[in-house]
Amino acid sequence: MENVSVRYGQNVVLDGISWEVREHDFAAVIGPNGGGKTTLLKALLGLLPLSSGRISIFGHPPGEGRRMIGYVPQFHTFDFSYPITVSEMILQGRFSHIPGRLLRRYRDEDHEAAERALGMVGLSGIGDLPLSTLSGGQQQRVIIARALAGEPRLLILDEPTVYVDAPTEEQFFSLIDTLLNEMTVIIVTHDIGAISGKVNRIACLNRHLYTHGDAMITDDMLISVYGCPVDLIAHGVPHRVLREHDDV
Amino acid sequence: MVCRTGYSGSMTMFEILGYGFFQNAIIAGIIAAIACGITGSFVIVRRMVATSGGISHAAFGGVGLGYFMGIDPLIGAFLFTIGAAILIWYLKTHELQETDTITGAIWATGMAVGIIFIALTPGYAPDLFSYLFGNILLVPHQDLLMMGVLLILILLLVSTLFTQLTAVTFDEEYARIMGLPVGGLTLALFILIALTVVLLISVVGIILVIALLTLPAATARLYTHTLPSMMANAVFIGIGTVLAGITLSYYFDLPSGAMIILVGAGIYASTLVGRHYTR
(Lines give C-alpha, C1' and ligand atoms only; values in the text may rest on other atoms or scores of the structure.)
Protein backbone atom coordinates (compact mmCIF):
# COMPACT_ATOMS: atom_id res chain seq x y z
CA MET A 1 0.00 0.00 0.00
CA GLU A 2 1.65 3.18 -1.10
CA ASN A 3 0.51 6.69 -0.32
CA VAL A 4 -3.17 5.75 -0.54
CA SER A 5 -5.83 8.43 -0.17
CA VAL A 6 -9.59 8.11 -0.40
CA ARG A 7 -12.08 10.95 -0.39
CA TYR A 8 -15.83 11.16 -0.38
CA GLY A 9 -16.47 14.54 -1.96
CA GLN A 10 -14.46 17.06 0.11
CA ASN A 11 -14.11 14.63 2.96
CA VAL A 12 -10.70 12.99 3.13
CA VAL A 13 -11.20 9.63 4.86
CA LEU A 14 -7.78 8.10 4.26
CA ASP A 15 -4.83 10.41 3.87
CA GLY A 16 -1.53 9.27 2.40
CA ILE A 17 -1.42 5.79 3.85
CA SER A 18 1.55 3.52 3.26
CA TRP A 19 1.87 0.09 4.80
CA GLU A 20 3.42 -3.23 4.02
CA VAL A 21 2.33 -6.59 5.39
CA ARG A 22 4.44 -9.64 4.55
CA GLU A 23 3.39 -13.23 3.99
CA HIS A 24 2.45 -15.10 7.18
CA ASP A 25 2.30 -11.88 9.14
CA PHE A 26 -0.42 -11.48 11.73
CA ALA A 27 -1.24 -7.81 11.37
CA ALA A 28 -3.71 -5.60 13.20
CA VAL A 29 -5.21 -2.26 12.29
CA ILE A 30 -6.74 -0.45 15.25
CA GLY A 31 -8.51 2.85 15.37
CA PRO A 32 -11.63 4.58 16.61
CA ASN A 33 -14.99 4.24 14.88
CA GLY A 34 -15.16 6.67 12.00
CA GLY A 35 -11.39 6.54 11.64
CA GLY A 36 -11.56 5.03 8.17
CA LYS A 37 -11.27 1.32 8.97
CA THR A 38 -14.22 0.29 6.81
CA THR A 39 -12.98 2.50 3.98
CA LEU A 40 -9.56 0.86 4.21
CA LEU A 41 -11.16 -2.58 3.95
CA LYS A 42 -13.24 -1.55 0.95
CA ALA A 43 -10.13 -0.17 -0.72
CA LEU A 44 -8.27 -3.44 -0.11
CA LEU A 45 -11.17 -5.40 -1.59
CA GLY A 46 -11.30 -3.10 -4.60
CA LEU A 47 -14.82 -1.92 -3.84
CA LEU A 48 -14.05 1.78 -4.10
CA PRO A 49 -11.74 3.91 -6.21
CA LEU A 50 -8.60 5.42 -4.72
CA SER A 51 -8.16 9.19 -5.02
CA SER A 52 -4.43 8.60 -5.21
CA GLY A 53 -1.82 6.00 -4.41
CA ARG A 54 -1.51 2.34 -5.19
CA ILE A 55 -2.51 -0.90 -3.52
CA SER A 56 -0.87 -4.17 -4.45
CA ILE A 57 -2.01 -7.56 -3.16
CA PHE A 58 0.60 -10.22 -3.88
CA GLY A 59 1.51 -8.12 -6.93
CA HIS A 60 -2.06 -7.65 -8.17
CA PRO A 61 -4.35 -4.60 -8.07
CA PRO A 62 -7.22 -4.95 -5.53
CA GLY A 63 -9.97 -5.98 -7.97
CA GLU A 64 -7.92 -8.89 -9.29
CA GLY A 65 -6.36 -9.61 -5.93
CA ARG A 66 -9.80 -10.25 -4.49
CA ARG A 67 -9.61 -13.94 -5.34
CA MET A 68 -6.66 -14.25 -3.00
CA ILE A 69 -8.45 -12.55 -0.12
CA GLY A 70 -10.77 -14.23 2.31
CA TYR A 71 -13.00 -11.61 3.89
CA VAL A 72 -14.75 -12.10 7.22
CA PRO A 73 -17.32 -9.33 7.73
CA GLN A 74 -18.59 -8.10 11.06
CA PHE A 75 -20.45 -10.74 12.99
CA HIS A 76 -23.55 -8.73 13.88
CA THR A 77 -24.37 -7.85 10.27
CA PHE A 78 -25.57 -11.40 9.68
CA ASP A 79 -29.10 -12.65 9.46
CA PHE A 80 -28.55 -16.00 11.16
CA SER A 81 -32.22 -16.85 10.83
CA TYR A 82 -31.91 -17.05 7.02
CA PRO A 83 -33.06 -20.50 5.89
CA ILE A 84 -29.76 -21.93 4.68
CA THR A 85 -27.56 -24.88 5.60
CA VAL A 86 -24.00 -24.44 6.79
CA SER A 87 -22.50 -25.97 3.65
CA GLU A 88 -24.71 -23.87 1.33
CA MET A 89 -23.48 -20.77 3.11
CA ILE A 90 -19.83 -21.80 2.95
CA LEU A 91 -20.16 -22.59 -0.76
CA GLN A 92 -20.91 -18.90 -1.32
CA GLY A 93 -17.24 -18.27 -0.58
CA ARG A 94 -16.44 -20.15 -3.83
CA PHE A 95 -18.24 -17.76 -6.21
CA SER A 96 -15.09 -15.86 -7.13
CA HIS A 97 -13.63 -19.16 -8.42
CA ILE A 98 -16.65 -20.23 -10.44
CA PRO A 99 -16.46 -19.27 -14.09
CA GLY A 100 -19.46 -18.21 -16.16
CA ARG A 101 -21.93 -15.38 -15.85
CA LEU A 102 -25.52 -16.53 -15.78
CA LEU A 103 -25.37 -20.18 -14.87
CA ARG A 104 -23.09 -20.40 -11.91
CA ARG A 105 -23.34 -23.86 -10.47
CA TYR A 106 -21.22 -25.30 -7.70
CA ARG A 107 -18.82 -27.96 -9.00
CA ASP A 108 -17.39 -30.97 -7.17
CA GLU A 109 -14.19 -29.10 -6.37
CA ASP A 110 -16.26 -26.32 -4.78
CA HIS A 111 -18.01 -28.82 -2.52
CA GLU A 112 -14.63 -30.33 -1.61
CA ALA A 113 -13.16 -26.91 -0.80
CA ALA A 114 -16.19 -26.07 1.36
CA GLU A 115 -15.82 -29.34 3.27
CA ARG A 116 -12.09 -28.71 3.79
CA ALA A 117 -12.82 -25.19 5.05
CA LEU A 118 -15.29 -26.58 7.57
CA GLY A 119 -12.62 -29.03 8.74
CA MET A 120 -10.08 -26.21 9.14
CA VAL A 121 -12.32 -24.44 11.65
CA GLY A 122 -12.96 -27.71 13.48
CA LEU A 123 -16.58 -28.18 12.46
CA SER A 124 -16.42 -31.18 10.11
CA GLY A 125 -19.70 -32.97 9.68
CA ILE A 126 -22.09 -30.14 10.51
CA GLY A 127 -22.56 -29.09 6.87
CA ASP A 128 -26.17 -30.22 6.67
CA LEU A 129 -27.30 -28.35 9.80
CA PRO A 130 -29.35 -25.19 9.39
CA LEU A 131 -27.32 -22.05 10.14
CA SER A 132 -29.91 -20.90 12.66
CA THR A 133 -29.31 -23.90 14.96
CA LEU A 134 -25.62 -23.17 15.60
CA SER A 135 -24.18 -21.62 18.75
CA GLY A 136 -22.60 -18.17 18.63
CA GLY A 137 -19.07 -19.57 18.55
CA GLN A 138 -19.94 -22.03 15.80
CA GLN A 139 -21.56 -19.27 13.76
CA GLN A 140 -18.40 -17.20 13.95
CA ARG A 141 -16.26 -20.13 12.81
CA VAL A 142 -18.67 -20.82 9.95
CA ILE A 143 -18.23 -17.24 8.70
CA ILE A 144 -14.47 -17.78 8.81
CA ALA A 145 -14.93 -21.10 6.97
CA ARG A 146 -16.80 -19.31 4.20
CA ALA A 147 -13.78 -17.04 3.70
CA LEU A 148 -11.43 -20.06 3.82
CA ALA A 149 -13.45 -21.89 1.17
CA GLY A 150 -12.01 -19.47 -1.40
CA GLU A 151 -8.52 -20.79 -0.48
CA PRO A 152 -7.18 -17.32 0.29
CA ARG A 153 -3.58 -16.28 0.85
CA LEU A 154 -4.74 -13.32 2.88
CA LEU A 155 -7.50 -13.43 5.49
CA ILE A 156 -9.05 -10.11 6.55
CA LEU A 157 -11.29 -10.01 9.61
CA ASP A 158 -13.47 -7.00 10.45
CA GLU A 159 -14.09 -6.57 14.19
CA PRO A 160 -13.88 -10.34 14.80
CA THR A 161 -14.15 -10.25 18.59
CA VAL A 162 -16.98 -7.80 19.09
CA TYR A 163 -20.09 -9.47 20.54
CA VAL A 164 -18.11 -12.62 21.32
CA ASP A 165 -17.64 -14.00 24.83
CA ALA A 166 -14.26 -14.76 26.40
CA PRO A 167 -14.02 -18.55 25.75
CA THR A 168 -15.09 -18.00 22.14
CA GLU A 169 -12.44 -15.34 21.79
CA GLU A 170 -9.78 -17.73 23.08
CA GLN A 171 -10.93 -20.40 20.62
CA PHE A 172 -10.84 -17.81 17.89
CA PHE A 173 -7.23 -16.84 18.50
CA SER A 174 -6.06 -20.43 18.61
CA LEU A 175 -7.79 -20.97 15.27
CA ILE A 176 -6.00 -17.92 13.83
CA ASP A 177 -2.69 -19.33 15.13
CA THR A 178 -3.10 -22.49 13.09
CA LEU A 179 -4.22 -20.54 10.02
CA LEU A 180 -1.07 -18.40 10.16
CA ASN A 181 0.94 -21.39 8.94
CA GLU A 182 -0.88 -21.16 5.63
CA MET A 183 -1.76 -17.53 5.14
CA THR A 184 -1.43 -13.90 6.13
CA VAL A 185 -4.00 -12.54 8.57
CA ILE A 186 -5.12 -8.94 9.06
CA ILE A 187 -7.50 -7.98 11.85
CA VAL A 188 -9.27 -4.64 11.84
CA THR A 189 -10.79 -3.51 15.12
CA HIS A 190 -11.57 -0.58 17.39
CA ASP A 191 -11.14 -2.85 20.39
CA ILE A 192 -7.49 -2.70 21.41
CA GLY A 193 -8.12 -5.42 23.93
CA ALA A 194 -8.98 -7.77 21.11
CA ILE A 195 -5.46 -8.03 19.86
CA SER A 196 -3.56 -11.15 20.65
CA GLY A 197 0.09 -11.26 21.68
CA LYS A 198 0.73 -13.14 18.44
CA VAL A 199 0.24 -10.00 16.38
CA ASN A 200 3.58 -9.08 14.86
CA ARG A 201 2.64 -5.96 12.94
CA ILE A 202 0.38 -3.22 14.11
CA ALA A 203 -0.94 0.04 12.77
CA CYS A 204 -3.25 2.67 14.19
CA LEU A 205 -5.67 4.32 11.82
CA ASN A 206 -7.40 7.63 12.18
CA ARG A 207 -7.33 9.17 8.73
CA HIS A 208 -3.55 8.82 8.89
CA LEU A 209 -1.91 5.48 9.54
CA TYR A 210 0.66 5.22 12.33
CA THR A 211 2.67 2.06 11.90
CA HIS A 212 4.91 0.15 14.22
CA GLY A 213 6.68 -2.99 13.12
CA ASP A 214 7.24 -4.49 16.55
CA ALA A 215 3.58 -4.79 17.45
CA MET A 216 3.98 -2.42 20.34
CA ILE A 217 1.35 0.16 20.99
CA THR A 218 2.94 3.21 22.52
CA ASP A 219 1.20 5.96 24.40
CA ASP A 220 2.15 8.43 21.73
CA MET A 221 0.48 6.33 19.06
CA LEU A 222 -2.73 6.04 21.03
CA ILE A 223 -2.82 9.71 21.83
CA SER A 224 -2.36 10.67 18.21
CA VAL A 225 -5.01 8.18 17.06
CA TYR A 226 -7.67 8.42 19.75
CA GLY A 227 -6.92 11.92 20.87
CA CYS A 228 -6.45 10.89 24.49
CA PRO A 229 -4.77 8.12 26.49
CA VAL A 230 -6.93 5.02 26.48
CA ASP A 231 -7.34 2.06 28.78
CA LEU A 232 -4.85 -0.48 27.66
CA ILE A 233 -4.53 -4.18 28.02
CA ALA A 234 -0.96 -5.35 28.23
CA HIS A 235 -0.20 -8.66 26.62
CA GLY A 236 2.00 -11.07 28.50
CA VAL A 237 0.67 -9.54 31.69
CA PRO A 238 -2.21 -11.51 33.13
CA HIS A 239 -4.35 -8.56 34.12
CA ARG A 240 -5.58 -5.25 32.89
CA VAL A 241 -3.29 -2.27 33.20
CA LEU A 242 -5.55 0.70 33.56
CA ARG A 243 -4.32 4.14 32.96
CA GLU A 244 -5.94 7.24 34.27
CA HIS A 245 -7.58 9.60 31.87
CA ASP A 246 -5.98 12.78 33.09
CA ASP A 247 -7.35 15.05 30.44
CA VAL A 248 -10.61 14.92 28.42
CA MET B 1 -70.17 2.16 -7.82
CA VAL B 2 -72.83 0.31 -9.71
CA CYS B 3 -70.51 -1.67 -11.90
CA ARG B 4 -70.41 -5.44 -11.90
CA THR B 5 -68.60 -6.25 -8.73
CA GLY B 6 -68.06 -9.89 -9.40
CA TYR B 7 -69.11 -10.50 -5.83
CA SER B 8 -72.31 -12.23 -6.80
CA GLY B 9 -71.02 -15.76 -6.39
CA SER B 10 -74.48 -17.17 -5.86
CA MET B 11 -75.76 -20.64 -6.69
CA THR B 12 -77.45 -19.44 -9.87
CA MET B 13 -74.28 -17.86 -11.11
CA PHE B 14 -72.49 -21.11 -10.57
CA GLU B 15 -75.05 -23.02 -12.50
CA ILE B 16 -74.68 -20.59 -15.40
CA LEU B 17 -70.93 -20.57 -15.39
CA GLY B 18 -70.85 -24.32 -15.10
CA TYR B 19 -68.08 -26.72 -14.21
CA GLY B 20 -65.54 -25.29 -16.67
CA PHE B 21 -65.17 -22.05 -14.81
CA PHE B 22 -64.65 -23.80 -11.52
CA GLN B 23 -61.86 -25.77 -13.18
CA ASN B 24 -60.37 -22.50 -14.42
CA ALA B 25 -60.44 -21.14 -10.90
CA ILE B 26 -58.58 -24.18 -9.59
CA ILE B 27 -55.92 -23.96 -12.29
CA ALA B 28 -55.54 -20.20 -11.70
CA GLY B 29 -55.22 -20.84 -7.98
CA ILE B 30 -52.51 -23.44 -8.42
CA ILE B 31 -50.52 -21.26 -10.83
CA ALA B 32 -50.81 -18.34 -8.38
CA ALA B 33 -49.73 -20.48 -5.43
CA ILE B 34 -46.60 -21.73 -7.23
CA ALA B 35 -45.58 -18.19 -8.18
CA CYS B 36 -46.29 -16.89 -4.66
CA GLY B 37 -44.36 -19.65 -2.96
CA ILE B 38 -41.23 -18.98 -4.99
CA THR B 39 -41.24 -15.18 -5.25
CA GLY B 40 -42.77 -14.75 -1.80
CA SER B 41 -39.90 -16.66 -0.20
CA PHE B 42 -37.37 -14.23 -1.64
CA VAL B 43 -39.59 -11.32 -0.56
CA ILE B 44 -39.69 -12.62 3.03
CA VAL B 45 -36.02 -13.51 3.48
CA ARG B 46 -34.85 -10.29 1.87
CA ARG B 47 -37.49 -8.15 3.65
CA MET B 48 -38.97 -6.71 0.47
CA VAL B 49 -42.61 -6.69 1.58
CA ALA B 50 -42.96 -2.90 1.35
CA THR B 51 -41.26 -2.80 -2.05
CA SER B 52 -43.67 -5.47 -3.26
CA GLY B 53 -46.57 -3.37 -1.99
CA GLY B 54 -45.31 -0.38 -3.98
CA ILE B 55 -44.91 -2.42 -7.15
CA SER B 56 -48.36 -4.02 -6.82
CA HIS B 57 -50.20 -0.76 -6.20
CA ALA B 58 -48.42 0.87 -9.13
CA ALA B 59 -50.21 -1.77 -11.23
CA PHE B 60 -53.44 0.17 -10.75
CA GLY B 61 -52.02 2.95 -12.93
CA GLY B 62 -51.63 0.36 -15.67
CA VAL B 63 -55.16 -0.94 -15.22
CA GLY B 64 -56.42 2.64 -15.66
CA LEU B 65 -54.24 3.04 -18.75
CA GLY B 66 -55.73 -0.16 -20.14
CA TYR B 67 -59.28 1.18 -19.76
CA PHE B 68 -58.29 4.53 -21.23
CA MET B 69 -56.54 3.07 -24.28
CA GLY B 70 -59.04 0.28 -24.72
CA ILE B 71 -56.47 -2.49 -24.27
CA ASP B 72 -56.45 -5.38 -21.78
CA PRO B 73 -55.95 -3.77 -18.35
CA LEU B 74 -53.61 -6.66 -17.41
CA ILE B 75 -51.24 -5.59 -20.18
CA GLY B 76 -51.31 -2.08 -18.76
CA ALA B 77 -50.64 -3.56 -15.30
CA PHE B 78 -47.70 -5.54 -16.72
CA LEU B 79 -46.12 -2.38 -18.17
CA PHE B 80 -46.63 -0.40 -14.97
CA THR B 81 -45.28 -3.04 -12.56
CA ILE B 82 -42.17 -3.60 -14.68
CA GLY B 83 -41.74 0.18 -14.91
CA ALA B 84 -42.16 0.58 -11.14
CA ALA B 85 -39.68 -2.26 -10.49
CA ILE B 86 -37.06 -0.68 -12.72
CA LEU B 87 -37.63 2.79 -11.22
CA ILE B 88 -37.34 1.60 -7.60
CA TRP B 89 -34.25 -0.41 -8.53
CA TYR B 90 -32.62 2.52 -10.31
CA LEU B 91 -33.20 4.98 -7.48
CA LYS B 92 -32.10 2.41 -4.90
CA THR B 93 -28.87 1.28 -6.61
CA HIS B 94 -27.84 4.83 -7.36
CA GLU B 95 -28.52 5.67 -3.73
CA LEU B 96 -30.61 8.65 -4.75
CA GLN B 97 -33.27 7.88 -2.14
CA GLU B 98 -34.13 5.43 0.61
CA THR B 99 -36.01 2.46 -0.84
CA ASP B 100 -38.73 3.08 1.72
CA THR B 101 -39.33 6.63 0.52
CA ILE B 102 -39.35 5.72 -3.18
CA THR B 103 -41.72 2.85 -2.49
CA GLY B 104 -44.25 5.12 -0.78
CA ALA B 105 -44.12 7.64 -3.62
CA ILE B 106 -44.55 5.02 -6.34
CA TRP B 107 -47.31 3.27 -4.41
CA ALA B 108 -49.48 6.40 -4.20
CA THR B 109 -48.56 7.79 -7.63
CA GLY B 110 -49.52 4.54 -9.35
CA MET B 111 -52.93 4.54 -7.69
CA ALA B 112 -53.48 8.24 -8.53
CA VAL B 113 -52.57 7.73 -12.20
CA GLY B 114 -55.06 4.85 -12.37
CA ILE B 115 -57.86 6.94 -10.89
CA ILE B 116 -57.19 9.81 -13.33
CA PHE B 117 -57.18 7.49 -16.35
CA ILE B 118 -60.44 5.87 -15.25
CA ALA B 119 -62.03 9.32 -14.74
CA LEU B 120 -60.91 10.29 -18.25
CA THR B 121 -62.38 7.14 -19.76
CA PRO B 122 -65.92 7.70 -21.07
CA GLY B 123 -68.59 5.42 -19.59
CA TYR B 124 -68.00 3.23 -16.59
CA ALA B 125 -65.13 0.84 -16.03
CA PRO B 126 -66.36 -2.75 -16.18
CA ASP B 127 -64.74 -5.27 -13.82
CA LEU B 128 -62.95 -2.52 -11.90
CA PHE B 129 -63.68 -4.25 -8.61
CA SER B 130 -62.28 -7.50 -9.97
CA TYR B 131 -58.95 -5.80 -10.63
CA LEU B 132 -58.92 -4.24 -7.18
CA PHE B 133 -60.14 -7.19 -5.15
CA GLY B 134 -59.84 -10.11 -7.56
CA ASN B 135 -62.33 -12.70 -8.62
CA ILE B 136 -60.83 -16.08 -9.20
CA LEU B 137 -64.22 -17.53 -10.16
CA LEU B 138 -64.35 -15.29 -13.20
CA VAL B 139 -60.83 -15.72 -14.56
CA PRO B 140 -61.21 -15.92 -18.34
CA HIS B 141 -59.28 -18.38 -20.51
CA GLN B 142 -57.18 -15.56 -21.93
CA ASP B 143 -55.95 -14.51 -18.45
CA LEU B 144 -55.22 -18.12 -17.61
CA LEU B 145 -52.95 -18.32 -20.63
CA MET B 146 -51.16 -15.13 -19.58
CA MET B 147 -50.72 -16.50 -16.05
CA GLY B 148 -49.20 -19.67 -17.46
CA VAL B 149 -46.71 -17.71 -19.56
CA LEU B 150 -45.77 -15.51 -16.58
CA LEU B 151 -45.25 -18.58 -14.40
CA ILE B 152 -42.90 -20.10 -16.99
CA LEU B 153 -40.92 -16.83 -17.08
CA ILE B 154 -40.69 -16.83 -13.28
CA LEU B 155 -39.54 -20.46 -13.16
CA LEU B 156 -36.91 -19.85 -15.85
CA LEU B 157 -35.58 -16.76 -14.11
CA VAL B 158 -35.36 -18.42 -10.70
CA SER B 159 -33.94 -21.75 -11.87
CA THR B 160 -31.22 -20.01 -13.88
CA LEU B 161 -30.17 -17.61 -11.13
CA PHE B 162 -31.04 -19.60 -8.00
CA THR B 163 -27.60 -19.87 -6.37
CA GLN B 164 -26.82 -16.25 -7.13
CA LEU B 165 -30.18 -14.96 -5.90
CA THR B 166 -29.67 -16.92 -2.69
CA ALA B 167 -26.25 -15.34 -2.24
CA VAL B 168 -27.55 -11.82 -2.86
CA THR B 169 -30.52 -12.16 -0.52
CA PHE B 170 -28.36 -13.73 2.19
CA ASP B 171 -25.43 -11.32 2.18
CA GLU B 172 -25.40 -8.60 -0.46
CA GLU B 173 -22.02 -7.12 0.44
CA TYR B 174 -20.30 -10.49 0.33
CA ALA B 175 -21.92 -11.32 -3.00
CA ARG B 176 -20.43 -8.11 -4.35
CA ILE B 177 -16.99 -9.03 -3.02
CA MET B 178 -17.35 -12.45 -4.68
CA GLY B 179 -17.76 -10.60 -7.97
CA LEU B 180 -21.46 -11.37 -8.49
CA PRO B 181 -23.42 -8.79 -10.53
CA VAL B 182 -25.36 -7.59 -7.47
CA GLY B 183 -27.09 -4.73 -9.30
CA GLY B 184 -28.41 -7.00 -12.04
CA LEU B 185 -29.48 -9.67 -9.57
CA THR B 186 -31.38 -7.12 -7.48
CA LEU B 187 -33.15 -5.98 -10.64
CA ALA B 188 -33.98 -9.61 -11.39
CA LEU B 189 -35.59 -9.89 -7.94
CA PHE B 190 -37.69 -6.77 -8.53
CA ILE B 191 -38.74 -7.99 -11.99
CA LEU B 192 -39.65 -11.31 -10.38
CA ILE B 193 -41.95 -9.45 -7.98
CA ALA B 194 -43.48 -7.46 -10.87
CA LEU B 195 -44.24 -10.63 -12.87
CA THR B 196 -45.76 -12.32 -9.84
CA VAL B 197 -47.92 -9.29 -9.05
CA VAL B 198 -49.43 -9.27 -12.55
CA LEU B 199 -50.04 -13.00 -12.29
CA LEU B 200 -51.86 -12.54 -8.97
CA ILE B 201 -54.15 -9.66 -9.93
CA SER B 202 -56.83 -11.93 -11.44
CA VAL B 203 -56.83 -14.08 -8.33
CA VAL B 204 -56.85 -11.69 -5.37
CA GLY B 205 -56.73 -8.21 -6.92
CA ILE B 206 -54.22 -5.38 -6.61
CA ILE B 207 -55.12 -4.46 -3.03
CA LEU B 208 -54.70 -7.98 -1.70
CA VAL B 209 -51.72 -9.16 -3.80
CA ILE B 210 -49.27 -8.40 -1.05
CA ALA B 211 -51.02 -10.77 1.36
CA LEU B 212 -51.02 -13.82 -0.90
CA LEU B 213 -47.44 -13.04 -1.88
CA THR B 214 -46.22 -13.02 1.70
CA LEU B 215 -48.52 -15.11 3.94
CA PRO B 216 -47.72 -18.63 2.61
CA ALA B 217 -43.98 -17.88 2.52
CA ALA B 218 -44.06 -16.32 5.99
CA THR B 219 -45.86 -19.42 7.30
CA ALA B 220 -43.34 -21.78 5.64
CA ARG B 221 -40.43 -19.85 7.10
CA LEU B 222 -41.61 -20.67 10.60
CA TYR B 223 -40.64 -24.32 10.28
CA THR B 224 -38.27 -24.74 7.32
CA HIS B 225 -34.49 -24.40 7.31
CA THR B 226 -33.51 -24.13 3.66
CA LEU B 227 -34.74 -21.85 0.91
CA PRO B 228 -35.84 -24.68 -1.45
CA SER B 229 -37.88 -26.36 1.29
CA MET B 230 -39.33 -23.00 2.32
CA MET B 231 -40.44 -22.48 -1.29
CA ALA B 232 -41.90 -25.97 -1.64
CA ASN B 233 -43.82 -25.61 1.61
CA ALA B 234 -45.02 -22.14 0.69
CA VAL B 235 -46.36 -23.50 -2.63
CA PHE B 236 -48.14 -26.29 -0.80
CA ILE B 237 -49.64 -23.91 1.78
CA GLY B 238 -50.59 -21.51 -1.02
CA ILE B 239 -52.49 -24.18 -2.95
CA GLY B 240 -54.36 -25.21 0.20
CA THR B 241 -55.11 -21.57 0.99
CA VAL B 242 -56.50 -20.78 -2.45
CA LEU B 243 -58.62 -23.94 -2.71
CA ALA B 244 -60.02 -23.50 0.80
CA GLY B 245 -60.68 -19.83 0.06
CA ILE B 246 -62.59 -20.61 -3.15
CA THR B 247 -64.66 -23.26 -1.40
CA LEU B 248 -65.55 -21.01 1.53
CA SER B 249 -66.30 -18.12 -0.79
CA TYR B 250 -68.72 -20.31 -2.72
CA TYR B 251 -70.26 -21.82 0.39
CA PHE B 252 -70.87 -18.52 2.20
CA ASP B 253 -71.42 -16.49 -0.96
CA LEU B 254 -68.64 -14.05 -0.04
CA PRO B 255 -65.90 -12.39 -2.15
CA SER B 256 -63.28 -14.97 -3.16
CA GLY B 257 -60.16 -12.76 -2.97
CA ALA B 258 -60.92 -11.69 0.58
CA MET B 259 -61.76 -15.26 1.66
CA ILE B 260 -58.46 -16.56 0.25
CA ILE B 261 -56.52 -13.93 2.20
CA LEU B 262 -58.42 -14.64 5.43
CA VAL B 263 -57.66 -18.36 5.11
CA GLY B 264 -53.98 -17.50 4.48
CA ALA B 265 -53.87 -15.23 7.52
CA GLY B 266 -55.61 -17.90 9.61
CA ILE B 267 -53.02 -20.53 8.64
CA TYR B 268 -50.18 -18.11 9.37
CA ALA B 269 -51.61 -17.13 12.77
CA SER B 270 -52.26 -20.71 13.85
CA THR B 271 -48.78 -21.83 12.76
CA LEU B 272 -47.33 -18.95 14.76
CA VAL B 273 -49.34 -19.92 17.83
CA GLY B 274 -48.55 -23.62 17.31
CA ARG B 275 -44.84 -22.90 17.12
CA HIS B 276 -45.02 -20.80 20.27
CA TYR B 277 -46.50 -23.69 22.25
CA THR B 278 -44.28 -26.42 20.83
CA ARG B 279 -41.07 -24.60 21.72
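The values are calculated or read from the model by the stated rules, or taken from the named source; none is laboratory data. What you see is a predicted model; the values in this text were computed from it and never measured. Cβ atoms come from the backbone with ideal geometry, glycine included; neighbour counts cover every protein chain shown.
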(request) Could you figure out which of (1) crowded, with 20+ Cβ neighbours inside 10 Å; (2) among the β-branched types (V, I, T); (3) modelled with pLDDT under 90 isn't true of A:I156? (result) (3)
(request) Collect the residues in the range B:193-209 that are at pLDDT below 95 and either surrounded by fewer than 24 Cβ atoms within 10 Å (Cβ to Cβ) or outside any helix (DSSP H, G or I) (or both), keeping them in residue-number order. (result) B:G205, B:I207, B:L208
(message) Let me spell it out: the conditions are (1) surrounded by fewer than 20 Cβ atoms within 10 Å (Cβ to Cβ); (2) within 14 Å of another protein chain (Cβ to nearest Cβ); (3) in contact with a Lys or Arg (Cβ under 9 Å, 6 or more places away or on another chain), and B:L161 meets all of them except one. Which number is the exception?
(response) (1)
(message) Please go through the range A:75-87 and give me each residue that is in contact with a Ser or Thr (Cβ under 7 Å, 6 or more places away or on another chain), at the interface with chain B (Cβ under 7 Å from one of its Cβ atoms) and not aliphatic (A, V, I, L, M), ordered by number.
(response) A:P83, A:T85
(request) Just give me the residues in the range A:64-86 being surrounded by fewer than 21 Cβ atoms within 10 Å (Cβ to Cβ) and either under 20 Å from A:V13 (Cα atoms) or under 17 Å from the mean Cα position of the chain (by Cα) (or both), in sequence order. (result) A:G65, A:R67, A:M68, A:P73, A:Q74, A:F75, A:H76, A:T77, A:F78
(request) Please work out which one of (1) hydrophobic (A, V, I, L, M, F, W, C); (2) over 13 Å from B:I34 (Cβ atoms); (3) under 17 Å from the mean Cα position of the chain (by Cα) is the condition B:F236 fails and give its number. (result) (2)
(request) Hey, can you tell me all the residues within the range A:29-80 that are among the polar types (S, T, N, Q) and part of a loop (DSSP other than H, G, I, E, B)? (result) A:N33, A:S51, A:S56, A:Q74
(request) Pick out the one residue from B:A167, B:A188 that is facing another protein chain (nearest Cβ under 8 Å), closer than 20 Å to B:M230 by Cβ and in contact (Cβ under 8 Å) with a residue 12 or more places away in the chain. (result) B:A167
(message) Between a residue in the range B:217-229 that is within 19 Å of B:L165 (Cα to Cα) and within 10 Å of another protein chain (Cβ to nearest Cβ) and any residue that is of a type in the set (S, T, Y) and surrounded by fewer than 17 Cβ atoms within 10 Å (Cβ to Cβ), which pairs come within a Cβ distance under 7 Å, given they are 6 or more apart or on different chains?
(response) B:H225/A:S132
(request) Scan the range A:170-182 and give yes if some residue there is in a helix (DSSP H, G or I), free of Cβ contacts under 8 Å to residues at least 24 places away in the same chain and in contact with a strand residue (DSSP E or B) (Cβ under 9 Å, 6 or more places away or on another chain), otherwise no. (result) yes
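Residue-wise test of (1) touching a Ser or Thr at 6+ places or on another chain (Cβ under 7 Å); (2) within 14 Å of chain B (Cβ to nearest Cβ); (3) in a loop (DSSP other than H, G, I, E, B).
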position: A:G100; (1), (2), (3): no, yes, yes
position: A:R104; (1), (2), (3): yes, yes, yes
position: A:G119; (1), (2), (3): no, no, no
position: A:V142; (1), (2), (3): no, yes, no
